[in-house]
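The values are calculated or read from the model by the stated rules, or taken from the named source; none is laboratory data. For clarity, every value in this text was computed on a predicted model and none was experimentally measured. For neighbour counting, all protein chains shown are included, and Cβ atoms are generated from backbone atoms with ideal geometry for every residue, glycine included. The protein model used for the area step is the full one, side chains on, heavy atoms only, and it has no ligands, DNA or RNA in it. Shrake-Rupley method; radii C 1.70, N 1.55, O 1.52, S 1.80 Å.
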Amino acid sequence: FLLAFVTNSKEITSPTLTGMYEYCVKNGLNGLFSDAFALGGIGDVPAWGFLFVFNFFALLIYWWPGEVKYGPLTPTGHKPDYMDNGVAHCALSTFIFLGGAYLGWWDLGVIFDHFAPVVGALNFFGLVFCLFLYFKGMHFPSTADSGTSGSGFIFDYYWGAELYPRICGVDVKKFVNCRFSMSFWMLAGVSFSYRSYTMHNKVDPGIVLCALSQFIYLVKFFIWEIGYMRSIDIIVDRAGFYETWGCLVWVPSVYTLHTRILVHSPSNFSWPVAFFIFAVGLAGVGLNYWADAQRMMFREQNAKCKIWGKDPVYIKAEYKALNRETGKVETHKSLLLASGFWGIARHFQYLWELTAAWSWGILAMGTQNGALPCFYAFFLTILLIDRAKRDEKKCLLKYGDYYKEYMKIVRYKIIPFIY
């Protein structure tokens, strides 16, 4: 609510920390929070209507045909399946959003114009939906990877009661995390850029290139979507407040913040300066994709491939999982890649993701917007450092001495020679 108020309220003199401070001095801290909530509330009719249409089309595209691929086997013997149609979703959702605006069904600036009530509606829905997911996980789970953590209702509501919930055949994590959250972020940049142009009657290089870089990053995400469905967000984090509310509310509010700030307060960068920052960020996006694609290719080809022109270095690891058909615990094998990008650092792809994130923040800082545009990049830095720690804890529990051997070969976590 607060971030939406700062960037979208006409009462704030500028969408910056200074603007927020000045409003707080004039109206008091209580006034700031009460006015922020009043702007978003629980949404309004246009906001709920927009979300209905947005998710209706996303649900239709969800069933677009594609190759069936699988996530990793869980300790209870469940192997989640997914339709690999992320690229089709990306293309069709963009076409529908632009085509609908062209036909006059909605204004291209609709996401910015109704942003605060949309966040209000998402917050209300997210809180209720997480309660539903808790009840479902406790009483009607989709798989055996469910149930209480033993830490009480509050923690179970926060963390979730189910790892792979599905509703009428729709995978909740895939739909919420990818088809809504990432799509909203991707199309928001288009909407914000258009509203900036109509508001100022000129093109701001900062917002255009910031939005374009994020759009390319998210196209990359949908190309790699199956890889994401095998990441720690999906295979470890349950569908609770932390993840599901986060994707419904936190991602739309925070991940679009830097671009949203530029609508009311343009960067004032020249095209050469903005393009240089954009190029650095684009390099980060490209290298991030290359690293992810390298590991995915290695896994799908079962190590029968070349990494940077050489045979891959890897460790054959073993782990145990339950066979649901026989009821017996069986030993399975997995390959840990230790060459290419994955021989430089165990989470080297995070460095390139952070390069892109900080480039977006710097583009949005411009000449007058202060530090607030870098909030997302700062948050992501903390998130990825924590994610690397959690991922390694999971791998040590799963692979034991095999992963310790891998850590000896690949010594650094994210940044070579530093961390």
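State which residue is most open to solvent (accessible area, probe 1.4 Å) when the search covers only segment 80-128 and only residues that are charged (D, E, K, R) and touching a residue at least 40 places away in the same chain (Cβ under 8 Å).
Going residue by residue through segment 80-128, those that are charged (D, E, K, R) are 81, 84, 107, 113.
In the following step, the residues that additionally are touching a residue at least 40 places away in the same chain (Cβ under 8 Å) were identified as 84, 113.
Working: Asp84: 50, Asp113: 79 Å².
Within segment 80-128, the match that is most open to solvent (accessible area, probe 1.4 Å) is Asp113.
Might you check whether a residue that is aromatic (Phe, Trp, Tyr) and under 25 Å from Leu60 (Cα atoms) occurs anywhere in segment 188-202?
So far as segment 188-202 goes, no, none of its residues is aromatic (Phe, Trp, Tyr) and under 25 Å from Leu60 (Cα atoms).
Could you check segment 311-419 for helices (runs of 4 or more DSSP H) lying wholly inside it with 2 or more residues that are free of Cβ contacts under 8 Å to residues at least 60 places away in the same chain and open to solvent by 20 Å² or more (accessible area, probe 1.4 Å)?
On the way: elements: 349-365, 375-399, 401-409.
Helices (runs of 4 or more DSSP H) meeting the threshold: 375-399, 401-409.
Please go through segment 146-171 and pick out each residue that is loosely packed, with under 14 Cβ neighbours inside 10 Å and assigned to a strand (DSSP E or B).
Ile167
Take Leu187 and decide whether it is part of a helix (DSSP H, G or I), under 13 Å from the mean Cα position of the chain (by Cα), within 16 Å of Pro252 (Cβ to Cβ) and among the aliphatic types (A, V, I, L, M).
Criteria not met by Leu187.
Pairs needed: first member in segment 227-246, within 15 Å of Asp391 (Cβ to Cβ) and part of a loop (DSSP other than H, G, I, E, B); second member anywhere, at pLDDT 95 or above and of a type in the set (Asp, Glu); C-beta distance under 8 Å; at least 6 residues apart or different chains.
Pairs that qualify, where the first residue is within 15 Å of Asp391 (Cβ to Cβ) and part of a loop (DSSP other than H, G, I, E, B) and the partner is at pLDDT 95 or above and of a type in the set (Asp, Glu), are Asp237/Glu243.
State whether one or more residues within segment 26-45 are without any contact (Cβ under 8 Å) to a residue 60 or more places away in the chain, more than 30 Å from Pro141 (Cα to Cα) and touching a Cys at 6+ places or on another chain (Cβ under 9 Å).
Among the residues of segment 26-45, at least one is without any contact (Cβ under 8 Å) to a residue 60 or more places away in the chain, more than 30 Å from Pro141 (Cα to Cα) and touching a Cys at 6+ places or on another chain (Cβ under 9 Å), which makes the answer yes.
Filter segment 247-264 down to the residues that are open to solvent by less than 10 Å² (accessible area, probe 1.4 Å) and not aliphatic (A, V, I, L, M) and list them by number.
Hits for segment 247-264 are Pro252, Thr256, His258, Thr259, Arg260.
Just to be sure I understand, how many residues within segment 39-54 are open to solvent by 40 Å² or more (accessible area, probe 1.4 Å) and either part of a helix (DSSP H, G or I) or of a type in the set (D, E, K, R) (or both)? Give the steps one after another, and end with the answer.
From segment 39-54, those open to solvent by 40 Å² or more (accessible area, probe 1.4 Å) are 39, 42, 44-46, 48, 52-53; that's our starting set.
In the following step, the residues that additionally are either part of a helix (DSSP H, G or I) or of a type in the set (D, E, K, R) (or both) were identified as 39, 44-46, 48, 52-53.
Within segment 39-54, residues that are open to solvent by 40 Å² or more (accessible area, probe 1.4 Å) and either part of a helix (DSSP H, G or I) or of a type in the set (D, E, K, R) (or both) number 7.
Tell me, please, whether a residue that is hydroxyl-bearing (Ser, Thr, Tyr) and buried (at least 21 other Cβ atoms within 10 Å of the Cβ) can be found in segment 214-223.
yes
Quick one: which of Val68, Val25 is among the hydrophobic types (A, V, I, L, M, F, W, C) and modelled with pLDDT of 95 or more? Break it down into steps so the answer makes sense when it comes.
On the way: Val25 fails: modelled with pLDDT of 95 or more.
Being among the hydrophobic types (A, V, I, L, M, F, W, C) and modelled with pLDDT of 95 or more holds for just one of Val68, Val25, which is Val68.
Is it true that some residue in segment 252-261 is in contact with a Cys (Cβ under 6 Å, 6 or more places away or on another chain) and over 28 Å from Thr76 (Cα atoms)?
Yes, the conditions are met somewhere in segment 252-261.
Can you tell me which residues in segment 184-210 are over 18 Å from Asp113 (Cβ atoms) and out of contact with any Leu (no Cβ under 7 Å at 6 or more places or on another chain)?
The answer is Lys202, Val203, Pro205, Val208.
Is it fair to say Pro65 is within 30 Å of Thr326 (Cα to Cα) and either surrounded by fewer than 19 Cβ atoms within 10 Å (Cβ to Cβ) or aromatic (Phe, Trp, Tyr) (or both)?
no
Please determine whether any residue of segment 155-172 is modelled with pLDDT of 95 or more, of a type in the set (Val, Ile, Thr) and farther than 25 Å from Asp81 by Cβ.
Within segment 155-172 (the criterion being modelled with pLDDT of 95 or more, of a type in the set (Val, Ile, Thr) and farther than 25 Å from Asp81 by Cβ), the answer is no, since none of the residues qualifies.
In segment 65-79, which residues are assigned to a strand (DSSP E or B) and in contact (Cβ under 8 Å) with a residue 60 or more places away in the chain? Even if it seems obvious, please write down each step before you answer.
Filtering segment 65-79 for residues assigned to a strand (DSSP E or B) gives 67-70.
Answer for segment 65-79, where residues must be assigned to a strand (DSSP E or B) and in contact (Cβ under 8 Å) with a residue 60 or more places away in the chain: just Lys69.
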